[in-house]
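Just so you know, all these numbers are worked out from the coordinates, no wet-lab data involved. Please read these numbers as outputs of a predicted model, since none were measured by experiment. Here the Cβ positions follow ideal geometry from the backbone for every residue, glycine too, while neighbour counts run over all protein chains shown.
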Amino acid sequence: RPDLFAPALAQAGLKPDRVIYVEAHDEKSVLSCFEEGLRHGGLGCVVAEVSRLSMTVSRRLQLAAEASGTMGLALRRWRRQTEAADFGQPTAASTRWRVSALPSTPLPVPGVGRHRWLVELIRARAGESADFEVEACDEQGRLALPAELAHGSVQTGIGRRYASG
């Protein structure tokens with residue numbers, strides 16, 4: 001979707017002069033650009049939003065990333081749960097993550113607190129699954145653990161498995 005907001009990326013530490021944006025007409029073109037970016041070898045990371053990722057395509061992308069040493073991130077997001085039908089299908093990716101929104105941090109005054117997310121490592125080759133609660137970037141542009149987790153006052157959170165719907 002063409003909803004990438006450059007000023008928000010800058011707030012997260014991705015300066016506009018360090019990002020190359022490519023829009024493609026269809027899914028096949030997106031995957032072609034994704035693979036070409038991975039094969040280039042001069043990029044730090046290639047990110048593509050795709051709706052479907054077959055085992056064959058994901059294997060080609062994985063091989064391209066391994067050959068160049070470039071990280072590739074395939075983002076899949078859906079407006080409706082019915083669109084997520086292939087989420088559980090196997091891919092050749094080294095890891096699989098799920099990011100879900102959490103309620104923002106409560107403030108002592110009325111208003112909206114820092115954004116929070118549940119980041120779940122669902123699959124990792126030769127590794128274990130894990131969950132992380134993170135908050136939006138701080139003044140230095142770094143993601144942070146929520147205060148109650150960072151200071152150890154809550155027993156739940158990191159490492160705990162959450163039910164997903």
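Details
- Three-way shape label, the range 1-132, alpha-carbon gyration tensor, a/c 1.5: prolate
- Here the peptides 122-131, 56-65 are ranked by packing, the mean other Cβ count within 10 Å, and the order with the highest first is 56-65, 122-131.
- The loop-placed chymotrypsin sites (Phe, Trp or Tyr not before Pro) in the range 8-100, going by DSSP, that have at most 10 neighbouring Cβ atoms within 10 Å of their Cβ come out as 21.
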